[in-house]
Structure formats: C-alpha cells, structure tokens
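As structure tokens, the structure follows; a few thoughts come after it.
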Amino acid sequence: MSTPSATFVKGIVGPDDALDSDIPQIAFIGRSNVGKSSLINALTHKEGLARTSAFPGRTTEINLFLINKKVYFVDLPGYGYAKASQKARMRLEQLIHWYLFESPYQQRKVVHIIDAYVGMTKSDIKIFSLLRQHGKRIIILANKIDKIKESARAATLQKIQDVVGSCQIIPCSAKKNIGVGVLMNELLMRS
Ligand SMILES: Nc1nc2c(ncn2[C@@H]2O[C@H](COP(=O)(O)OP(=O)(O)OP(=O)(O)O)[C@@H](O)[C@H]2O)c(=O)[nH]1
Ligand SMILES: [Mg+2]
C-alpha cells in the first residue's frame with residue numbers, strides 16, 4: 001500500500017470543533033504501554049508522528065491525526081497504569097470514558113489493542129465489555145506478537161478469542177511491522 005498522508009491535528013481534553021465535522025473517527029484504545037502510539041506510527045509509516053515511550057503514561061490527551069485527508073485516527077491515553085497516582089489515573093480514565101461513552105462523538109471503528117504477550121487483563125475485559133454494551137464496532141489487535149515464538153502464537157490468539165467471542169482479532173507487531181498492512185486495509189478499505 002502507498003504511504004498514507006498523516007498529520008497531527010491537535011490534542012484535546014474535551015469537546016472540540018474538530019470532532020464536529022463529518023470526518024469519520026477511528027479510535028485506538030488499550031492499556032498504558034500496549035503500543036497504541038507505536039501502531040499509529042507503523043500504520044502511517046511515520047516514525048515519531050505519535051509520541052511513544054518505554055514508560056507507561058506517555059499519551060495524556062486525546063490526539064487527533066488526519067489520515068489521507070479523510071479519516072481521523074484518535075490516539076487515546078492508556079488505562080490501567082498501576083504506578084500512576086490515583087488522581088492521574090482517574091483523570092485519564094474519565095477522559096477515555098467521556099470520549100467513548102458519554103460524548104456525542106461516534107467512532108467508525110474502535111481498535112482495542114491487547115498486549116498479546118500479557119493476554120487480556122481485568123482492565124482489558126472491563127473496557128471490552130463496555131465497548132460491546134455500547135455497540136461499538138470493535139477490532140481486537142493483539143500487539144507485540146514478536147515477543148511470542150511462532151509455535152506459541154496460535155494458542156495465544158485462541159486464549160484471547162475465547163474471551164472476545166466472535167470479535168475479529170488481528171495479530172500484529174507495531175515494532176516488527178507484522179499485521180500492520182492487514183489492519184490498514186481493514187480500516188481504510190472496507191469500512
Ligand atoms: N516488542 C514490541 N514492543 C512494542 C511494540 N509496539 C510498541 N512497543 C513498545 O512498547 C512501548 C510503548 O509503546 P507506546 O506506543 O508508547 O505505547 P502506548 O500504548 O501509546 O502507551 P501510552 O501512551 O503510555 O498509553 C515502547 O517501548 C514501544 O517501543 C511491538 O509490537 N513489539
Ligand atoms: Mg501513547
């Protein structure tokens with residue numbers, strides 16, 4: 001696939017005109033440090049477009065990226081970072097909840113990113129259930145698959161599938177560029 005155009009629009013922490021437009025929104029949600037921002041960089045072939053960090057809690061606003069001038073990638077802060085202060089954690093979780101479940105904004109798709117190496121945690125299951133209850137169109141992205149040896153990948157994915165039922169799972173490595181093209185096709189071509 002040709003390199004998509006991708007620009008950072010703005011970081012928001014509440015209602016914003018940018019989201020009132022007709023441009024469809026695709027949200028990226030997941031635990032802190034799972035690789036949401038790395039994935040956006042891999043999808044757009046732009047190292048450094050979304051800021052990443054080895055330390056959890058890097059993304060603290062809702063960051064909007066305009067892709068091919070026709071769709072927003074919405075990079076959300078991570079949830080479940082145990083070492084953050086309770087106040088900081090609550091603030092981020094409220095922001096995520098507001099955007100996904102309380103605001104007037106609709107998402108064309110929600111990419112729920114799971115750390116394949118860790119599997120689905122309690123906080124992942126909680127968010128996944130809420131996404132389902134709210135009727136979101138979910139794609140489960142099992143990231144960091146490079147950390148699992150090939151012979152163990154099928155069993156790892158099956159464990160996630162057991163939790164998410166019929167929901168589509170895409171195995172991926174933002175770091176090693178595995179599954180990234182598959183996801184991009186899914187997001188831009190078939191939606
Ligand atoms: N091995 C491996 N590491 C990855 C992969 N994707 C991301 N990482 C690493 O995971 C760490 C976190 O990446 P980020 O993209 O900043 O994660 P995030 O989910 O945006 O984190 P927050 O913004 O803090 O919620 C970085 O050190 C990345 O290099 C992957 O596919 N494989
Ligand atoms: Mg991030």
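Taken together, the values in this text are just the output of simple stated rules run on the coordinates, not laboratory data. These numbers were taken from a predicted model, which means no experiment stands behind them. Every residue, glycine among them, receives a Cβ derived from its backbone with ideal geometry; neighbour counts consider all protein chains shown.
Structure values in brief
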| item | result |
| --- | --- |
| Charge-dipole axis of the chain as Lys and Arg at +1 and Asp and Glu at -1 on Cβ define it, positive-most pick from A82, S151, Q94 | S151 |
| Cα-derived Rg over Rh, computed across region 103-191 with Rh taken as Kirkwood radius | 0.97 |
| Share of pairwise Cα separations in region 123-163, more than 17 Å, in percent | 39 |
| The chain - convex hull of alpha carbons, volume per residue in Å³ | 114 |
| For region 41-108: rounded, prolate or oblate by the Cα gyration tensor [a/c cutoff 1.5] | oblate |
| Span from the region 41-82 Cα centroid across to the region 90-118 one, whole angstrom | 12 |
